[in-house]
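Each value in this text was obtained by applying a stated rule to the coordinates, not by laboratory testing. On a predicted model such as this, the values are computed, not experimentally measured, just so you know. Cβ placement follows ideal geometry from the backbone for every residue including glycine, while neighbour counts extend to all protein chains displayed.
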């Protein structure tokens with residue numbers, strides 16, 4: 001076998017046909033003699049096809065530049081880009097500096113997890129940050145065919161109880177909504193859809209011939225986007241109780257609007273919050289954001305005896321675990337019945 005392997009600081013290097021190599025064909029540093037010999041054997045097998053340029057750096061692997069490539073290569077919403085950029089600046093940059101991502105090992109991932117906990121980050125936040133880091137590293141390791149990506153520890157945490165309102169509490173908040181806002185809030189309450197789905201519902205998606213409504217777009221950050229959060233379009237039936245609220249008004253392409261303008265997230269939040277404050281003052285109703293209407297719908301349906309699969313189908317979930325973990329809860333009253341063994 002031609003060439004040789006030699007110690008290099010705390011690692012190894014390989015010499016072959018006058019060329020020196022400090023990484024193998026996968027871009028990995030040569031940490032052991034066995035790694036060096038395996039790479040040398042690989043070079044010998046190439047024979048006449050050997051070309052030292054094929055082992056030159058294929059792309060930028062330093063953390064900062066690699067992360068920018070990751071952002072530009074992923075087709076996600078600008079909101080997600082902004083969140084990931086903030087995570088990079090606030091957590092990744094101070095800890096990893098500008099390390100070569102190929103040199104990130106298991107112990108560094110574990111140390112980073114501990115670093116987040118020392119910063120006071122909770123279990124859910126730590127898990128989300130590690131998920132972004134995992135997605136970033138996996139993107140480059142798959143894109144550039146780099147092997148031996150670091151292992152990620154499992155993060156377990158106690159999920160908080162789901163916040164939801166009973167049907168009676170929701171109706172009490174509805175007493176204080178303006179009449180012009182009743183159509184969109186009634187739609188959200190009836191179908192358990194997200195606020196941005198109701199805001200982005202186009203009038204031509206209400207099919208009176210088939211008595212169905214197609215939810216396949218959202219209105220977010222002042223823009224209409226032709227897909228939902230999960231990219232899953234779903235068709236829901238028109239029920240008699242809501243027919244009057246589905247009648248289009250004006251010339252807007254949006255079914256629900258204020259003088260031609262679709263409801264923004266802030267508009268929905270503000271109008272729901274004002275009504276919630278008044279209901280709280282009169283009835284003591286709990287004050288939750290408008291997003292909890294969706295959670296309330298799911299938990300109410302579960303208490304009525306519908307299965308998680310049925311609830312998840314209407315909500316547009318592709319995984320029943322999402323329905324169970326984030327939307328349909330068991331309340332304290334039911335826990336008492338379970339403990340006592342009574343139905």
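Radius of gyration (Cα atoms) of segment 195-265, expressed as a multiple of 2.2 N^0.38 Å: 1.06. How high is the FRET efficiency between residue 15 and residue 229 when r is their beta carbon distance and R₀ equals 56 Å, given to the nearest 0.05? After rounding, the FRET efficiency stands at 0.55.
Between 143, 286, 161, the Gaussian network model of the chain with springs among Cα atoms under 10 angstrom shows the greatest mean-square fluctuation at 143.
Report for segment 4-55 the percent antiparallel among DSSP-assigned beta bridges with both residues inside it, nearest 5. If we restrict to bridges inside segment 4-55, about 100 percent are antiparallel.
With viscosity 0.890 mPa s and temperature 25 °C, the Kirkwood radius over alpha carbon pairs of segment 100-151 converts through Stokes-Einstein to a diffusion coefficient of 211 µm²/s.
When the convex hull of its Cα atoms is viewed from all sides, segment 143-226 shows a mean projected area of 11.5 nm².
The stretch between residue 273 and residue 54, if pulled fully straight at 0.36 nm per residue, gains 72.7 nm over its current Cα-Cα span.
Label sites at residue 310 and residue 206, each approximated as a point 7 angstrom past Cα along Cα to Cβ, lie 2.6 nm apart. Which angle between 0 and 90 degrees, to the nearest 10, do you get for helix 33-46 versus the longest principal axis of the chain when only C-alpha atoms count? It is inclined by approximately 80 degrees. Here segment 165-228 and segment 292-314 have alpha carbon centers that stand 17 Å from each other. Relative to the longest principal axis of the Cα atoms of the chain, the long axis of helix 292-303 lies at roughly 80 degrees. For the chain, the alpha-carbon radius of gyration amounts to 1.38 times the rule-of-thumb value 2.2 N^0.38 Å expected for a compact globular protein.
Using only alpha carbons, segment 4-55 has a radius of gyration to Kirkwood radius ratio (Rg to Rh) of 0.93. By how many degrees, between 0 and 90 and to the nearest 10, does the Cα long axis of helix 78-87 differ from the longest principal axis of the chain? The angle comes out at about 50 degrees.
Between rounded, prolate and oblate, where does segment 63-143 land on the alpha carbon gyration tensor, with a ≥ b ≥ c its root eigenvalues, rounded for a/c under 1.5, else prolate if a/b exceeds b/c? Cα axes put segment 63-143 in the oblate bin. For segment 167-290, the convex hull spanned by the alpha carbon atoms encloses 106 Å³ per residue.
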